[in-house]
């Protein structure tokens, strides 16, 4: 019984502390909606291996691939729970394959939208928990459309995109 | 008084068992109630103080599941009809560790507390059925508030295809020239709506399950075939109400404003809650009527 009462006291203290932390955070916050307020003025999109694509500089572009006769086309698409399906956004693949480069990872395949959402969620959760900085370009991915007949892997496509971005300075 | 004495005296079996059961351990009772209320209170405070205030529609929708879950826990803890509530030292330690999730700075993440505690209470073999029932309610609440929403967000673009297909199938029976383009629906050239994750017809199904389970626990009623039929009916009604709501938004911006943000959205929320309550309540009431007739 003493142990139960001790447990009850600890739970009471935890509840009081958590409520106090929230009230304190509320008083410190500039206003409701501060979490939603994000700088969208020109972030960098992480292509991995220390290659960054400025969002403001990101029109549609062609990226040459070593083994393929025709270049791959690259454009930016929005990722997130409230965005349209990135697989359907931008250029529709006509016989070719689509590879997404998002947060340094190259992704392709059937459940690519779910995987993009999972990475997006992990990023948002780490920002909310204060584990990583609020990066305005978190919700943009590079969509690489490989031409039909090109057998380059997703990793090859991502590497070619990094080379193209670095070469443009 | 035991069950057989109750039958001889012509009293309902459930009531005789309730009176015959020993009273709950006060400290265990208060710990369970504090944990349940503390988790809900932390989530409410988080969304009221630190996150965008939801619309009236969301406010109704979000608090109903918590209210039903808490009512079921109160009923289970105080009635004691399924055995005396007993907590071991390890149970209390698990509850304290789980309560650390009260500090998560996100309203849904706080329900990690109920996932951990509910998983522990349900997975362990226990003498008292009350703890298992309370664990089930905690798990249902955490699925409703956290895991269901997360899974839905991750997979919505996949679900969207089926969702829009279903809405367009029904909508063609009402609108002659319903046009579908991806997630966009329109019945006229200058106005269209886009179905986003928050508007999905399947969004309230986990709330329906929480209400269904809570009513079953409050009524001390098992999940039999009739109960599952009632759950299926509720799910169909909830989906149908939301499909009707989305179709009602199509004619004009004014109808969109009414059904999406205005009084219409509140009516839909209340209608969905009633659709979740009425079938299972009628099922439970019908079963109680049959039992009463047999005893007479």
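Yes or no: region B:78-89 includes at least one residue that is assigned to a helix (DSSP H, G or I), more than 10 Å from chain A (Cβ to nearest Cβ), surrounded by fewer than 21 Cβ atoms within 10 Å (Cβ to Cβ) and at pLDDT below 90. Yes; the residues of region B:78-89 include at least one that is assigned to a helix (DSSP H, G or I), more than 10 Å from chain A (Cβ to nearest Cβ), surrounded by fewer than 21 Cβ atoms within 10 Å (Cβ to Cβ) and at pLDDT below 90. Residues in region B:134-152 that are more than 28 Å from residue A:19 (Cβ to Cβ) and buried (at least 17 other Cβ atoms within 10 Å of the Cβ): B:152 alone.
On the basis of being more than 24 Å from residue B:205 (Cβ to Cβ) and assigned to a helix (DSSP H, G or I), does residue B:120 make the cut? The answer is yes for residue B:120.
Considering (1) more than 10 Å from every other protein chain (Cβ to nearest Cβ); (2) more than 22 Å from residue B:217 (Cβ to Cβ), the lone condition that residue B:105 does not fulfil carries the number (1). The residue list B:96, B:73, B:110 contains one member that is at negative phi, touching a helix residue (DSSP H, G or I) at 6+ places or on another chain (Cβ under 9 Å) and either within 8 Å of chain A (Cβ to nearest Cβ) or not in a helix (DSSP H, G or I) (or both), which is B:96.
Results for (1) away from every other protein chain (no Cβ under 14 Å); (2) buried (at least 19 other Cβ atoms within 10 Å of the Cβ), shown as yes or no for each residue.
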position	(1), (2)
B:163	no, yes
B:168	yes, no
B:174	yes, no
B:179	yes, no
B:186	yes, no
B:204	yes, yes
B:209	yes, yes
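Among the residues of region B:183-199, the ones that are closer than 19 Å to residue A:86 by Cα and part of a loop (DSSP other than H, G, I, E, B) come to 3 in all. Can you confirm whether region B:109-121 contains a residue that is more than 30 Å from residue A:127 (Cβ to Cβ) and free of Cβ contacts under 8 Å to residues at least 12 places away in the same chain? Scanning region B:109-121 turns up no residue that is more than 30 Å from residue A:127 (Cβ to Cβ) and free of Cβ contacts under 8 Å to residues at least 12 places away in the same chain.
Take the residues in region A:105-134 that are in a loop (DSSP other than H, G, I, E, B) and within 9 Å of another protein chain (Cβ to nearest Cβ), then tell me which one is farthest from residue B:156 (Cα to Cα). Once the filter is applied, the top-ranked residue is A:130. Restricting attention to region A:90-98, does a residue exist that is in the same structural domain as residue A:52 (by TED's automatic domain parsing) and at pLDDT 80 or above? The answer is yes; a qualifying residue exists. One residue stands out in region A:1-20 among those that are farther than 14 Å from residue B:97 by Cα, part of a helix (DSSP H, G or I) and at the interface with chain B (Cβ under 7 Å from one of its Cβ atoms): the one that is nearest to the chain's Cα centre (by Cα), namely A:19.
The values are calculated or read from the model by the stated rules, or taken from the named source; none is laboratory data. None of these values were measured; they are calculated from a predicted model. Virtual Cβ from ideal backbone geometry, glycine too; neighbours counted across all protein chains shown.
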